[in-house]
Amino acid sequence: MLGNLGKNLTKTMKKLAGMPIIDEEVVKEVVKDIQRALIQSDVNIKLVFKLSKTIEERALKEEPPKGITPREYIITIVYEELVNLVGSKAEEVEVNAKPYKIMFVGLQGSGKTTTIGKLTRYLQKKGFRPAIVSTDTWRPAAYEQLRQLTESMDVPLYGDPENKDALDLAKKGIEQFKKNDIVIVDTAGRHKEEQDLLTEMEQLSSIVNPNEVMLVIDGTIGQQAREQALAFNQATDVGSIVITKLDGSAKGGGALSAVSEIGAPIKFIGTGERIDDFEAFDPERFISRLLG
Ligand code: GDP
């Protein structure tokens with residue numbers, strides 16, 4: 001199970017190995033190490049405390065099942081609680097409608113357009129025929145960026161840089177691709193006011209009637225991620241999350257706090273700028289990164 005818990009926790013666990021019994025003091029020490037690692041990774045402080053309290057309570061109260069040493073049992077508890085937090089491995093994309101409509105939301109710069117290209121490629125490899133609708137009327141280059149991204153992929157793309165009505169674009173795009181397996185709808189990531197952006201997302205959502213709203217969160221932004229996620233979740237109904245830019249040194253703790261707040265599973269992570277730098281979410285790897 002815990003191939004790699006990150007070097008911080010591995011050290012903690014080594015310490016534990018030499019302990020004859022696991023008493024309150026030991027548990028507190030383990031919990032403190034975990035707290036330190038999570039805070040360093042930018043996980044929301046309240047969340048860290050909530051989590052550590054649960055781990056502490058369970059470790060002190062629960063009897064390890066037969067055949068499991070107290071030490072192994074603490075590891076199990078830590079792992080279970082962390083998985084609870086990040087979510088277990090989600091179904092990737094369960095295409096159970098035709099067309100299956102995925103609406104992408106996220107702030108400008110989060111990596112939304114790049115991720116649409118990546119997901120399109122990913123779905124094509126699985127044998128689907130996705131089409132893309134561009135409704136971003138605020139960034140004139142958005143359509144062009146999608147066109148270039150998908151040029152070599154033989155993906156139908158609907159958009160009209162001259163049309164400034166996002167709702168109209170959405171309606172026409174959905175109509176045009178009603179025979180495709182999957183329709184991916186790109187949306188704006190900025191507006192003159194944030195509230196206007198959210199209102200537009202709400203209206204688009206009622207027109208597109210998406211089967212899944214995918215929120216793209218920049219893994220490097222730290223604590224702001226939480227508020228962004230809450231706002232988008234209020235305007236649409238976020239069904240899944242992609243965390244981008246996890247190829248650098250960012251640990252994704254801010255994004256994790258966002259995830260725990262809105263309760264939607266992380267489905268994919270972005271690990272670079274290229275189209276294939278895209279992975280299905282792996283909770284164990286994510287956890288070991290957070291703790292490492
Ligand atoms: P949008 O405004 O949300 O559509 O963002 P873009 O897709 O245009 O991406 C913004 C910048 O982030 C671009 O320079 C992308 O190449 C970069 N980017 C997107 N995803 C990743 C990722 O997973 N890793 C890295 N390193 N860069 C990324």
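If packing is taken as the mean number of other Cβ atoms within 10 Å per residue, what is the order of 252-259, 61-68, highest first? Each step should come with its number before you reach the end.
Numbers: 252-259: 27.6, 61-68: 9.4.
Going by the mean number of other Cβ atoms within 10 Å, highest first, we get 252-259, 61-68.
For the peptides 208-218, 35-45, what is the packing order when you average, over each peptide's residues, the other Cβ atoms within 10 Å and list the highest mean first?
208-218, 35-45
Compute the relative contact order of the stretch 216-260 as a whole-number percentage, counting only Cα pairs closer than 8 Å that sit 6 or more residues apart in sequence.
Relative contact order, the stretch 216-260: 61 percent.
Taking amide hydrogens as modeled 1.01 Å from N in the peptide plane, which residues meet the under 5 Å criterion relative to Gln108, leaving out close sequence neighbours?
Result for Gln108 returns Gly189, Arg190.
Whole number please: convex hull volume per residue, Cα atoms of the stretch 42-117, in Å³.
In the stretch 42-117, the Cα convex hull volume per residue is 172 Å³.
Where the convex hull is taken over the Cα atoms of the stretch 77-202, what is its projected area averaged over directions, in nm²?
On the way: hull surface 37.4 nm².
Mean shadow area of the hull around the Cα atoms is 9.4 nm².
Equivalent-ellipsoid semi-axes (√(5λ), Cα gyration tensor) for the chain, whole Å, largest first? Numbers along the way, then the final one.
On the way: eigenvalues 341, 65, 49 Å².
Rounded to whole Å, the semi-axes are 41, 18, 16.
What does the charge count around Val183 come to, taking other residues whose C-beta lies under 15 Å from its C-beta (Lys +1, Arg +1, Asp -1, Glu -1)?
Summing Lys and Arg as +1 and Asp and Glu as -1 gives +3.
Could you work out the relative contact order of the chain, using alpha carbon pairs under 8 angstrom and six or more residues apart, expressed as a whole percent?
About 25 percent, as a whole number.
When Ile22, Ile269, Ile221 are ordered from fewest to most other Cβ atoms inside 10 Å of their Cβ, what list results?
Ile22, Ile221, Ile269
Going by amide H atoms built from the backbone, whose H comes under 5 Å of the H on Val213, apart from near neighbours?
Those qualifying (amide H under 5 Å, at least 5 residues apart or on another chain) are Met103, Gly239, Ser240.
Residue by residue through the stretch 136-151, what is 3J(HN,Hα) from phi via Karplus (6.51 cos²θ - 1.76 cosθ + 1.60, θ = phi - 60°)? Round to whole Hz and write x for glycine and proline.
7, 9, 9, 10, x, 7, 4, 4, 4, 4, 5, 4, 5, 4, 9, 3
As a test of the formula, what do you get for the chain when each DSSP H run with n ≥ 4 contributes -39,500 (n - 2.57) and the sum is divided by the residue count, at 222 nm and rounded to the nearest 500 deg cm²/dmol?
The per-residue figure over the chain is -15500 deg cm²/dmol.
Apply the Karplus parameterisation 6.51 cos²θ - 1.76 cosθ + 1.60, with θ equal to phi minus 60°, to every residue of the stretch 276-289 and state each ³J(HN,Hα) to the nearest whole Hz, in sequence, with x for glycine and proline.
Calculated HN-Hα couplings, in order: 8, 7, 8, 9, 5, 5, 10, x, 5, 5, 5, 5, 5, 5 Hz.
Per residue of the stretch 98-105, in order, report the coupling 6.51 cos²θ - 1.76 cosθ + 1.60 (Karplus, θ = phi - 60°) as ³J(HN,Hα) in whole Hz, putting x for Gly and Pro.
9, x, 8, 9, 10, 9, 8, 10
Any of Lys98/Lys251; Lys11/Lys66; Lys66/Lys245; Lys66/Lys126; Lys46/Lys126 with alpha carbons more than 32 Å apart? Name them for me.
In this structure, Lys98/Lys251; Lys66/Lys245; Lys66/Lys126; Lys46/Lys126 lie more than 32 Å apart at Cα.
Can you list the residues, at least 5 places off or on another chain, whose amide H is less than 5 Å from the amide H of Tyr100, using H built in the peptide plane?
Ile182, Val183
Considering only DSSP beta bridges with both partners in the chain, what is the antiparallel share in %, to the nearest 5?
10
Place the peptides 183-191, 143-151 in order of packing, highest mean first, counting for every residue the other Cβ atoms within 10 Å and averaging per peptide.
Per-residue mean Cβ counts within 10 Å order the peptides as 183-191, 143-151.
Taken together, the values in this text are just the output of simple stated rules run on the coordinates, not laboratory data. None of the values given here were measured: they were computed from a predicted structure. Cβ: placed from backbone, ideal geometry, glycine included. Neighbour counts: every protein chain shown.
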